[in-house]
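Engineer: Before I ask anything, here is the structure I am working with.
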Amino acid sequence: MKIAFKMKLKPGCEAEYKSRHDQIWPELVTVLKENGISDYSIFLDEETNTLFAVQQQDGNSSQELGSTKIVQKWWSYMSDIMETNPDQSPKSFPLELVFHLD
(Lines give C-alpha, C1' and ligand atoms only; values in the text may rest on other atoms or scores of the structure.)
Protein backbone atom coordinates (compact mmCIF):
# COMPACT_ATOMS: atom_id res chain seq x y z
CA MET A 1 0.00 0.00 0.00
CA LYS A 2 1.25 3.51 -0.76
CA ILE A 3 0.68 6.22 1.84
CA ALA A 4 1.43 9.92 2.04
CA PHE A 5 1.75 12.31 4.95
CA LYS A 6 2.98 15.80 5.65
CA MET A 7 5.28 17.24 8.29
CA LYS A 8 6.56 20.75 9.03
CA LEU A 9 10.14 21.97 8.86
CA LYS A 10 11.27 24.92 10.98
CA PRO A 11 12.16 28.05 8.96
CA GLY A 12 15.76 28.23 7.80
CA CYS A 13 16.39 24.50 8.26
CA GLU A 14 15.96 23.37 4.65
CA ALA A 15 19.67 22.78 3.92
CA GLU A 16 20.27 21.02 7.24
CA TYR A 17 17.25 18.73 6.70
CA LYS A 18 18.55 17.73 3.26
CA SER A 19 22.09 17.25 4.58
CA ARG A 20 20.92 14.94 7.38
CA HIS A 21 18.91 12.84 4.94
CA ASP A 22 21.81 12.72 2.47
CA GLN A 23 23.70 11.01 5.30
CA ILE A 24 20.87 8.86 6.64
CA TRP A 25 22.09 6.23 9.07
CA PRO A 26 22.44 2.75 7.51
CA GLU A 27 20.91 1.14 10.61
CA LEU A 28 17.80 3.32 10.19
CA VAL A 29 17.51 2.29 6.54
CA THR A 30 17.76 -1.35 7.63
CA VAL A 31 14.92 -0.96 10.17
CA LEU A 32 12.71 0.74 7.58
CA LYS A 33 13.32 -1.96 4.97
CA GLU A 34 12.91 -4.79 7.49
CA ASN A 35 9.49 -3.34 8.32
CA GLY A 36 8.33 -3.31 4.70
CA ILE A 37 8.97 0.35 3.86
CA SER A 38 10.27 1.06 0.37
CA ASP A 39 10.05 3.61 -2.41
CA TYR A 40 10.18 6.37 0.24
CA SER A 41 10.44 9.97 -0.95
CA ILE A 42 10.16 13.28 0.88
CA PHE A 43 9.47 16.53 -0.97
CA LEU A 44 9.75 20.08 0.37
CA ASP A 45 7.34 22.91 -0.39
CA GLU A 46 9.80 25.79 0.11
CA GLU A 47 6.99 28.34 0.25
CA THR A 48 5.43 26.81 3.38
CA ASN A 49 8.25 24.60 4.76
CA THR A 50 5.86 21.66 4.47
CA LEU A 51 7.44 18.26 3.94
CA PHE A 52 5.41 15.85 1.84
CA ALA A 53 6.32 12.17 2.24
CA VAL A 54 5.24 9.20 0.15
CA GLN A 55 6.15 5.60 0.91
CA GLN A 56 5.26 2.12 -0.15
CA GLN A 57 4.61 -0.09 2.84
CA ASP A 58 4.05 -3.79 3.29
CA GLY A 59 3.88 -3.55 7.06
CA ASN A 60 4.10 -0.55 9.36
CA SER A 61 4.45 3.03 8.25
CA SER A 62 7.69 4.75 9.27
CA GLN A 63 5.63 6.82 11.70
CA GLU A 64 4.59 3.64 13.53
CA LEU A 65 8.16 2.51 14.30
CA GLY A 66 8.62 4.81 17.27
CA SER A 67 9.17 1.93 19.66
CA THR A 68 12.51 1.11 18.04
CA LYS A 69 15.61 2.70 19.57
CA ILE A 70 17.04 3.79 16.22
CA VAL A 71 13.84 5.60 15.24
CA GLN A 72 13.69 7.29 18.66
CA LYS A 73 17.33 8.35 18.21
CA TRP A 74 16.55 9.73 14.71
CA TRP A 75 13.55 11.64 16.03
CA SER A 76 15.71 13.18 18.73
CA TYR A 77 18.37 14.07 16.14
CA MET A 78 15.76 15.76 13.91
CA SER A 79 13.72 17.47 16.66
CA ASP A 80 15.69 20.72 16.53
CA ILE A 81 14.73 21.36 12.89
CA MET A 82 11.15 20.02 12.72
CA GLU A 83 7.86 20.57 14.49
CA THR A 84 7.54 17.66 16.92
CA ASN A 85 5.26 16.06 19.48
CA PRO A 86 6.24 15.82 23.18
CA ASP A 87 7.93 12.42 22.48
CA GLN A 88 10.07 14.12 19.77
CA SER A 89 8.26 12.31 16.96
CA PRO A 90 7.60 14.60 14.02
CA LYS A 91 4.12 16.06 13.89
CA SER A 92 2.73 14.20 10.92
CA PHE A 93 -0.62 14.36 9.22
CA PRO A 94 -1.91 11.63 6.87
CA LEU A 95 -2.98 12.73 3.43
CA GLU A 96 -5.91 11.25 1.54
CA LEU A 97 -5.36 9.85 -1.94
CA VAL A 98 -7.72 11.62 -4.34
CA PHE A 99 -6.14 10.63 -7.68
CA HIS A 100 -3.72 8.00 -8.98
CA LEU A 101 -2.47 7.22 -12.48
CA ASP A 102 -0.29 4.18 -13.29
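The values are calculated or read from the model by the stated rules, or taken from the named source; none is laboratory data. As the structure is a prediction and not an experimental result, all values here were calculated from the model. Note that each Cβ is placed from the backbone with ideal geometry, even for glycine, and that neighbours are counted across all protein chains shown.
Engineer: On the given criteria, is residue 54 modelled with pLDDT of 95 or more, at negative phi and part of a helix (DSSP H, G or I)? It would help to see each step written out before you state the result.
Structural biologist: Numbers: modelled with pLDDT of 95 or more: yes; at negative phi: yes; part of a helix (DSSP H, G or I): no.
For residue 54, the condition - modelled with pLDDT of 95 or more, at negative phi and part of a helix (DSSP H, G or I) - is not met.
Engineer: Right, another one. Which numbered condition in (1) exposed (fewer than 12 other Cβ atoms within 10 Å of the Cβ); (2) under 28 Å from residue 102 (Cα atoms) is the only one that residue 51 fails?
Structural biologist: Failing condition for residue 51: (1).
Engineer: Condition (residue is more than 13 Å from residue 2 (Cβ to Cβ), surrounded by fewer than 13 Cβ atoms within 10 Å (Cβ to Cβ) and hydrophobic (A, V, I, L, M, F, W, C)) applied to segment 67-90: is it met by at least one residue? Give the steps one after another, and end with the answer.
Structural biologist: Initial filter on segment 67-90 (more than 13 Å from residue 2 (Cβ to Cβ)): 67-90.
With surrounded by fewer than 13 Cβ atoms within 10 Å (Cβ to Cβ) added as a condition, the list becomes 67, 69, 80, 85-87.
Of the ones still in play, those that are also hydrophobic (A, V, I, L, M, F, W, C) are none.
No, segment 67-90 has no match at all.
Engineer: Does residue 22 satisfy the criteria of being at negative phi and exposed (fewer than 11 other Cβ atoms within 10 Å of the Cβ)?
Structural biologist: Here the answer is yes, as residue 22 does meet what is asked.
Engineer: Go through segment 11-48 and give me each residue that's outside any helix (DSSP H, G or I), of a type in the set (Phe, Trp, Tyr) and under 21 Å from residue 76 (Cβ atoms). Spell out the reasoning first.
Structural biologist: Going through segment 11-48, the residues outside any helix (DSSP H, G or I) turn out to be 11-13, 23-25, 35-48.
Imposing the further condition that a residue be of a type in the set (Phe, Trp, Tyr) reduces the set to 25, 40, 43.
Across segment 11-48, the qualifying residues are 25, 40.
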